[in-house]
1. Sort out which residues of the stretch 162-181 are in contact (Cβ under 8 Å) with a residue 12 or more places away in the chain, over 14 Å from residue 152 (Cα atoms) and polar (S, T, N, Q), and write them in order of number.
2. Determine whether residue 72 is modelled with pLDDT under 90, within 25 Å of residue 119 (Cα to Cα), outside any helix (DSSP H, G or I) and out of contact with any strand residue (DSSP E or B) (no Cβ under 6 Å at 6 or more places or on another chain).
3. Pull out all pairs, ordered by first then second residue, where Cβ-Cβ is under 9 Å, the residues are six or more apart or on different chains, the first lies in the stretch 30-49 and is more than 22 Å from residue 187 (Cβ to Cβ), and the second is part of a helix (DSSP H, G or I) and among the hydroxyl-bearing types (Ser, Thr, Tyr).
4. From the list 295, 285, which residue is crowded, with 21+ Cβ neighbours inside 10 Å, on the phi > 0 side of the Ramachandran plot and in contact (Cβ under 8 Å) with a residue 12 or more places away in the chain?
5. Based on this model, can you work out whether residue 271 counts as closer than 18 Å to residue 222 by Cα and buried (at least 18 other Cβ atoms within 10 Å of the Cβ)?
6. Kindly evaluate residue 273 against the criterion of being without any contact (Cβ under 8 Å) to a residue 12 or more places away in the chain, of a type in the set (Gly, Ala, Ser) and not in a loop (DSSP other than H, G, I, E, B).
7. Just a yes or no: is a residue in the stretch 206-221 in a helix (DSSP H, G or I), at pLDDT 95 or above and surrounded by fewer than 15 Cβ atoms within 10 Å (Cβ to Cβ)?
Amino acid sequence: MLLTHANADVDAVASVLGFAELLSRTRGGAIKALFPEGVGLEARRLLMLLEKLAEIRVVRSNSDIGMPPRAADVCIILDTASRNQLRKAQAVLQDCSRIVLIDHHSEGDLAQIADIAIVDPSASSTSEIVLLIAHKLGVTLSPDTLTALIAGVVSDTKRFSHGVSPETFLLIAWALSSGGSYRNALELLRHEAPPSARIARLKCLSRLVIMRGDQLYVCISHVGAYESECASTLIGIGCDAAFVASDDKSTKSVRVVFRAKSGFVEGVGDVYSSILSNLIKKFGGGLGGHRQAGGVLLKTRDRLS
């Protein structure tokens, strides 16, 4: 069984797809893929590729898991650092015979319970790690899957603008020479936001609170959905750091998504250690993400607190 974090982004879905094909080519057998709370808008086109390889189940806060693992199932968790990021799907972990974690975020509590943890914070994305595993094993994935993994890297690095290394480009070159397509990867990333996303951005702006210090602007807002899109919008209009809160009914918590420019991180420090760690100490919860982007679940029902 393959699992990833709630509201899976392109890197999460691409890495699940890549590992599903890797398993089908090396081991065979039935493959299940579990997506808590569904996938993000930008990643939905990748699900059509995954449907050819795995039985897909979306687990909502008000639905049954529907496909619990058999006692012999190995659970492979991708692109996820904390159990809280699995939302309701974390209940399946108690039935897994073994837990394998593949991730590029700083280690969270999942690394502590995993039987095998492949965690490399220096990697640009989990898609890069899956490409590396396939390359080391000598398994050439299909052109569609290679293209999806390229899209995962492109998405998480904002088109190679941050978090990349020479290894990243070597693996992308291998994927391209093996049949992947950069043009098609960019096409996979294209999506048209629904009217509800536009409304969420407008509400985000109408509720905006701006704090200034040392020539840095910190923006805080709250919405009912599309927190990531709203945080990215705030960065795009000039905020150095953005924090957008929303109620997470599935865990009775408040979800805070953050985005930060490199200048903010260089001036203030790591967003987690300088800001979010204090909130987690006060309310409890867990974090997942990078130095400049991520999210935290806080064990409080008051998103304005």
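1. Of everything in the stretch 162-181, those that are in contact (Cβ under 8 Å) with a residue 12 or more places away in the chain, over 14 Å from residue 152 (Cα atoms) and polar (S, T, N, Q) turn out to be 165, 178.
2. Considered against the rule, which asks whether it is modelled with pLDDT under 90, within 25 Å of residue 119 (Cα to Cα), outside any helix (DSSP H, G or I) and out of contact with any strand residue (DSSP E or B) (no Cβ under 6 Å at 6 or more places or on another chain), residue 72 comes out as yes.
3. Partner pairs satisfying both residue conditions: 31/24.
4. 285
5. So residue 271 fails the test.
6. yes
7. For the stretch 206-221, residues in a helix (DSSP H, G or I), at pLDDT 95 or above and surrounded by fewer than 15 Cβ atoms within 10 Å (Cβ to Cβ): present.
Results for (1) under 24 Å from residue 125 (Cβ atoms); (2) not hydrophobic (A, V, I, L, M, F, W, C), shown as yes or no for each residue.
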| site | (1), (2) |
| --- | --- |
| 247 | no, yes |
| 252 | no, yes |
| 256 | yes, no |
| 259 | yes, yes |
| 262 | yes, yes |
| 267 | no, yes |
| 286 | yes, yes |
| 292 | yes, yes |
| 299 | no, yes |
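The values are calculated or read from the model by the stated rules, or taken from the named source; none is laboratory data. Predicted model only: the values in this text are computed from it and were never measured. With ideal geometry, Cβ positions are generated from the backbone for all residues, glycine too; neighbour counts draw on all protein chains shown.
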